[in-house]
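For reference, the structure is listed below as structure tokens.
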Amino acid sequence: MGQNKYTQEEIDQYYENMKNDFLGPLWHDLGHMVTKEPVHDVEPYLWKWESIRDYALKAGDILEPGKDAERRVVYLQNPSLLKRGLVGYGTHTLYAGIQLLLPGEMAPSHHHSQTAVRFIIEGEGAYTAVNGERSYMQRGDMILTPAWTWHEHKHEGTEPMFWMDGLDVGLVRTLAASFFEPYADEFYPEEQPENYSTKKLSGGAFAPIGEERKPGYPSPIFNYTWERAEYELERLSESSHNEDAYDAYAIEYINPTTGGPADFRIGTMMQKIHPDQHTLAHRHVHSAIYHVLEGEGYTVIDGQKFEWSRGDFFILPPWSWHEHVNTGKDNAYLFSINDKPVMEKLDLEFGETYTENNGHQTIEKTFDPKSD
Ligand code: GTQ
């Protein structure tokens with residue numbers, strides 16, 4: 001063994017010199033790089049709706065989109081990622097913000113390489129236009145603004161309008177692939193009649209003869225309405241045979257031309273949990289940001305209880321045990337965005353079920369934002 005050739009002092013010096021020359025000995029560090037399981041800095045967290053709504057409404061008195069700012073959004077900042085200087089991170093890949101548009105206001109047209117989905121929380125009478133096609137937004141609708149499509153928002157109604165924006169901010173930052181460009185004008189020219197993609201694809205699907213048709217992205221549907229999602233969940237939950245042990249009654253928003261996720265990089269899911277339903281725990285590589293559309297209950301994440309009610313948001317970190325419980329008298333509906341499409345495309349998605357204790361975690365503590 002070559003080791004005998006050197007004194008301990010010489011070996012220590014060797015490591016010191018190597019470090020100073022910015023080289024590393026893999027025989028010490030392999031376990032830090034190629035870990036046995038996913039290692040991450042993402043902690044779970046929960047924000048109450050009243051608090052977010054309050055901050056957003058106050059921003060309504062402070063600034064106006066299109067004049068003082070590009071968008072009026074209060075975003076979720078995961079404290080565990082802020083510690084690492086990561087601004088705008090809900091998880092290591094995903095961002096979520098709550099956008100407020102007041103009657104008569106607009107947010108000008110722009111595009112960016114981040115892909116975006118919106119989930120409508122409160123109000124009506126505002127539209128998002130994607131590449132010149134308007135779609136009026138209603139509570140519970142999920143609207144795509146795929147990467148690099150021109151999009152703007154305008155409010156023609158009479159009440160404040162709140163919605164959630166989901167973007168792959170962390171992912172695109174990590175991949176050093178962010179591009180942004182404002183449109184030359186406030187509005188992109190109207191290219192299609194209002195809600196044309198929905199009209200064209202509901203009750204049939206049509207195209208001019210001879211038109212080239214290929215499966216692919218973006219999805220031909222922009223607005224995945226709550227009316228349709230609720231109907232689908234109603235149908236699914238009529239039979240307990242359709243129950244998923246880990247996600248209760250759950251649907252994914254899909255691109256009908258590919259059968260894949262509605263958006264190319266952000267996965268979207270809606271879960272319906274019946275009163276007293278308690279799912280089994282599992283974990284997976286993909287991370288998620290949850291929004292409570294309706295109901296009350298809690299989610300146990302790695303032994304910590306996160307109590308939620310209508311409007312709240314919470315973080316599900318990657319590779320974290322989780323199970324959901326509805327404690328209310330009515331159905332609970334949980335909307336979530338995730339990075340599963342990315343993990344699947346890169347062949348990195350993997351999951352595991354919790355086998356101890358009949359599939360349920362032991363609750364070690366209850367989340368309190370003031371002490372966490
Ligand atoms: O509405 O286009 O929350 O570009 C963050 C970035 C919303 C938007 C956000 C955006 C938008």
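The values are calculated or read from the model by the stated rules, or taken from the named source; none is laboratory data. Since the model is a prediction, treat every value here as computed from it, not as a measurement. Here Cβ is always computed from backbone atoms with ideal geometry, including for glycine, and neighbour counts include all displayed protein chains. Keep in mind that these areas ignore ligands, DNA and RNA; they rest on the heavy atoms of the full protein, side chains included. Shrake-Rupley method; radii C 1.70, N 1.55, O 1.52, S 1.80 Å.
Taking every lysine pair in region 281-372 that is 8 or more places apart or spans two chains, those with Cα atoms closer than 27 Å amount to 5. Projecting the Cα positions of 197, 293, 277 onto the charge dipole of the chain (unit charges on Cβ atoms of Lys, Arg, Asp and Glu, taken about the Cα centre) puts 197 furthest along the positive direction.
Relative to the longest principal axis of the Cα atoms of the chain, the long axis of helix 49-62 lies at roughly 70 degrees. Take residue 245 and residue 64, extend 7 Å from each Cα along the Cα→Cβ direction, and tell me the distance between the two endpoints in nm. Spacing of the two 7 Å Cα→Cβ label points: 5.7 nm. In this structure the amide hydrogen of residue 149, modeled in the peptide plane, comes within under 5 Å of the amide hydrogens of 112, none closer than 5 places in sequence on its chain. If R0 is taken as 35 Å, the Cβ-Cβ distance between residue 57 and residue 227 corresponds to a FRET efficiency of 0.80. Using θ = phi - 60° in the Karplus curve 6.51 cos²θ - 1.76 cosθ + 1.60, the 3J(HN,Hα) couplings for region 254-271 round to 10, 8, x, 7, 10, x, x, x, 4, 9, 5, 10, 10, x, 9, 9, 10, 10 Hz; x is entered for Gly and Pro.
For region 17-114, a crude dipole built from +1 on the beta carbon of Lys and Arg and -1 on the beta carbon of Asp and Glu, taken about the Cα centre, is about 80 debye to the nearest 20. Between 46, 201, 23, the residue with the greatest mean-square fluctuation in the GNM of the chain (Cα pairs under 10 Å linked by springs) is 23. The dipole here belongs to the chain: it is taken about the Cα centre, uses +1 on the Cβ of Lys and Arg and -1 on the Cβ of Asp and Glu, and is about 220 debye. What residues qualify as long-range amide H neighbours of residue 285, i.e. H under 5 Å apart, gap of 5 or more or another chain, H built at 1.01 Å from N? Residues meeting the amide H criterion: 319, 350. In order along region 311-320, the Karplus-derived 3J(HN,Hα) couplings, from 6.51 cos²θ - 1.76 cosθ + 1.60 at θ = phi - 60°, round to x, 5, 10, 8, 9, 10, x, x, 6, 10 Hz, and Gly and Pro are given as x.
Here region 235-275 is treated with +1 on each Lys and Arg Cβ and -1 on each Asp and Glu Cβ, and its dipole about the Cα centre works out to around 120 debye. Taking 270, 33, 18 as the candidate residues, the one with maximal mean-square fluctuation in a Gaussian network model of the chain, Cα springs under 10 Å, is 18. As I understand it, the dipole of the chain uses +1 on the Cβ of Lys and Arg and -1 on the Cβ of Asp and Glu, about the Cα centre. Which of 333, 151, 138 lies farthest toward its positive end? Checked the options; the winner is 151. Here the peptides 250-261, 293-304 are ranked by packing, the mean other Cβ count within 10 Å, and the order with the highest first is 293-304, 250-261. A crude spin-label estimate for the pair residue 366 and residue 82, with each label 7 Å from Cα along the Cβ direction, gives 2.4 nm. Mean separation of Cα pairs under 8 Å and 6 or more residues apart, divided by the residue count, gives the chain a relative contact order of 15 percent.
Coupling constants for region 358-364 follow from the phi torsions by the Karplus curve (6.51 cos²θ - 1.76 cosθ + 1.60, θ = phi - 60°), and in residue order they are 6, x, 10, 6, 8, 7, 9 Hz; glycine and proline get x.
Projected label points at residue 194 and residue 174, each 7 Å from Cα along the beta carbon direction, are separated by 4.1 nanometres. Surface composition of region 123-251: carbon plus sulfur atoms contribute 51% of the solvent-accessible area (1.4 Å probe, protein chains only, all chains present). Dipole orientation for the chain: of the candidates 121, 217, 245, 217 has the Cα lying most toward the positive pole (charges on Cβ; Lys, Arg +1; Asp, Glu -1).
Mean sequence separation of contacting Cα pairs (under 8 Å, at least six apart), scaled by the length of region 1-102, corresponds to a relative contact order of 22 percent. Per residue, the chain exposes 52 Å² of solvent-accessible protein surface, assessed with a 1.4 angstrom probe and all protein chains in place. Highest GNM mean-square fluctuation among 240, 336, 320, for the chain modelled with Cα contacts below 10 Å: 240.
Principal-axis analysis of the Cα atoms of the chain puts helix 226-236 at an angle of about 70° to the longest axis.
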